[in-house]
């Protein structure tokens, strides 16, 4: 397997970028950090398909492309379907002996935003997971439809204001809970499912390598801080992601074969979720006295989730 | 049944839409294919940016320099080559060769400032300056090492 070893960051930085600059993502967008890291953690040939979303519309603006690999542009919901087809064709041609270089290692990767993963492409993703194609699906979770102006998606957490779930005198923003996509995908019996964050670059690169090296459908949910819709300064992308992982809003963990849960990062000092919320404009209204109870309920939710993860890790079931 | 045959024979609707060359259900109409490189691109993963032959379609040949209001300036004297800026740069704009940080690619940098935030040295080896600042002016006004506050 031609996967590069990563001992430290200096070693990692000798890889040659296969995701080029001058794409049109916002300054400070975490999408490109995640994509770059995936493409740097392997030497294999990659076949990538991308759902419609920020990543797709801003990396392939005609006449330019930012991808140095085979890349398929497909509809809003079809990345999982397209990569399934590509993988099936690759296997068939390998069997018939019509490939130019049959021994070259090829990995199949699909990227989708949270809108196309949690909502619009959910059925297609579920189907591809069930059929058991050998691919890795990476969800870039920025918790709203950022490409079209920040509408709510089923990934948007409780209390966040979006253009279609606005905070105001009668509302504190979105009232519904965030969908737990990692558990849903683990319930498909996928061999490797994980939730990772770009600020912990090492666990993220290792997670990507594990997923690429595992045969079968793998799913990775990555936290992608959105400077435009979360409303923070572009330079603070990594700082906000730090807050997210340290406040356990986004715990970093993996689930192997649907049952073996490992927590990959335990913060030394767990910070209260207020710090994470206060750093972003989309939660500003929660600090009014009448909405204080929302913060308390968010904190309670997080504590319960963390307790559940720890107990599942111990129980190994 | 007969009516359906008639419709198919006349291609009703197709001609009116001006789409006589519609593909069948078992054919594929190829979309746009854009090649990132000129010629063979098999060993691209082992080539550095300066060794590759980019095609005009690759966004590497484009620039987003006009997006910047502020630009990061690199001071090699303070750098410890930790490569934090390289791993977190969203625009692949940190030029790093053989484990050493060499500078910033100002064609692709959008001036977001993430590299400055993640720089761990004291004083920082990357700082933001206004876009029009000359390199010499920026380097001559570099801040001194700040002492830790006594507790």
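I need the calculated FRET efficiency for the pair residue A:297 and residue A:231, taking r as the beta carbon distance and R₀ as 22 Å, to the nearest 0.05. Mind showing how you got there, number by number?
Details: r = 22 Å, r/R0 = 0.99.
My answer for the efficiency is 0.50.
I need to check one value: relative contact order of region B:64-140, counting alpha carbon pairs closer than 8 Å and at least 6 residues apart, in percent.
43 percent
Within 10 Å of each Cβ in peptide B:108-117, how many partner chain Cβ atoms are there on average? Round it to a whole number, please. Provide the component values of the computation, followed by the final result.
On the way: counts 5, 3, 10, 4, 11, 7, 12, 2, 1, 8.
Average neighbour count from other chains, rounded to a whole number: 6.
May I ask you to order A:182-192, A:279-289 by the average number of other C-beta atoms within 10 Å around their residues, highest value first? Before the final figure, lay out each step's value.
Values: A:182-192: 18.7, A:279-289: 16.8.
Highest to lowest by the protection proxy: A:182-192, A:279-289.
Give me the angle, in degrees from 0 to 90, between the Cα long axis of helix A:237-246 and the longest principal axis of the Cα atoms of chain A, rounded to the nearest 10.
In chain A, helix A:237-246 runs at an angle near 70 degrees to the longest axis.
Okay, helix-only estimate at 222 nm for chain A: each DSSP H run of n ≥ 4 adds -39500 (n - 2.57), divide by all residues, round to 500 deg cm²/dmol; what do you get? Show your work: numbers first, answer last.
On the way: 10 runs with 109 residues, N = 317.
About -10500 deg cm²/dmol.
Calculate the mean, over all residues of peptide A:28-38, of how many other protein chain Cβ atoms lie within 10 angstrom of the residue's Cβ. Let's see the in-between values first.
On the way: counts 9, 5, 3, 1, 4, 6, 1, 2, 7, 2, 0.
The shielding value for this peptide is 4.
How would you rank A:292, B:71, going from fewest to most other Cβ atoms within 10 Å of each one's own Cβ?
Numbers: A:292 11, B:71 21.
Lowest to highest Cβ neighbour count: A:292, B:71.
Apply 1/(1 + (r/R0)^6) to the Cβ-Cβ distance of residue A:61 and residue A:103, taking R0 = 30 Å, and write down the FRET efficiency to the nearest 0.05. Don't skip to the answer; put the middle values down first.
On the way: r = 35 Å, r/R0 = 1.18.
The calculated FRET efficiency here is 0.25.
I need the fraction of alpha carbon pairs in region A:197-317 separated by more than 20 Å, rounded to a whole percent. Let's see the in-between values first.
On the way: 3670 of 7260 pairs.
The calculated P(r) of region A:197-317 puts 51 percent of pairs beyond 20 Å.
Once you sort the root eigenvalues of the Cα gyration tensor of region B:64-140 as a ≥ b ≥ c, which label holds: rounded (a/c under 1.5), prolate (a/b larger than b/c) or oblate (the other case)?
Numbers: a/c = 1.65, a/b = 1.17, b/c = 1.41.
Oblate is the answer for region B:64-140, as a/c is 1.5 or above yet b/c matches or exceeds a/b.
Could you state the angle between the C-alpha long axis of helix A:201-213 and the longest principal axis of the C-alpha atoms of chain A, as a value from 0 to 90 degrees rounded to the nearest 10?
40 degrees
Binned at 20 Å from 0, what are the whole-percent values of the Cα-Cα distance distribution for region A:9-315, short to long?
Final binned percentages: 33, 58, 8, 0.
Using only alpha carbon pairs under 8 Å that are at least six residues apart, calculate the relative contact order of region A:20-76 and give it in whole percent.
Details: 53 pairs, mean separation 25.8, N = 57.
In percent, rounded to a whole number, it is 45.
Based on other C-beta atoms within 10 Å, arrange A:295, B:94 from fewest to most. The partial results should precede the final answer.
Working: A:295 19, B:94 26.
By the 10 Å Cβ count, ascending: A:295, B:94.
Relative to the present Cα-Cα distance, how much length would full extension add between residue A:262 and residue A:313 at 0.36 nm per residue of separation? Provide the component values of the computation, followed by the final result.
Numbers: separation 51, 0.36 × 51 = 18.36 nm, distance 0.57 nm.
That works out to 17.8 nm of additional length.
Average partner chain C-beta neighbours within 10 Å, per residue of A:67-80?
Values: counts 4, 11, 4, 2, 2, 1, 3, 1, 0, 0, 0, 0, 0, 0.
Mean partner-chain Cβ count within 10 Å for A:67-80: 2.
Sort A:5, B:92 so that the residue with the fewest other Cβ atoms within 10 Å of its own Cβ comes first and the one with the most comes last. Could the numbers behind the result be given before it?
Details: A:5 8, B:92 25.
Exposure proxy ranking, most exposed first: A:5, B:92.
Taking every pair of alpha-carbon atoms in region A:12-78, what share in percent sits in each 5 Å bin, from 0 to the bin with the longest distance?
Spelled out bin by bin, region A:12-78 gives 3, 16, 30, 26, 17, 6, 1, 0 percent.
Got the relative contact order for chain A handy, in percent, Cα pairs under 8 Å and 6 or more residues apart?
15 percent
Every number in this text was worked out from the coordinates using simple rules, so none of it is lab data. Since the structure is predicted, the reported quantities are computational estimates derived from the model, not experimental observations. In this analysis, Cβ positions are derived from the backbone assuming ideal geometry, glycine residues included, and neighbour counts consider all displayed protein chains.
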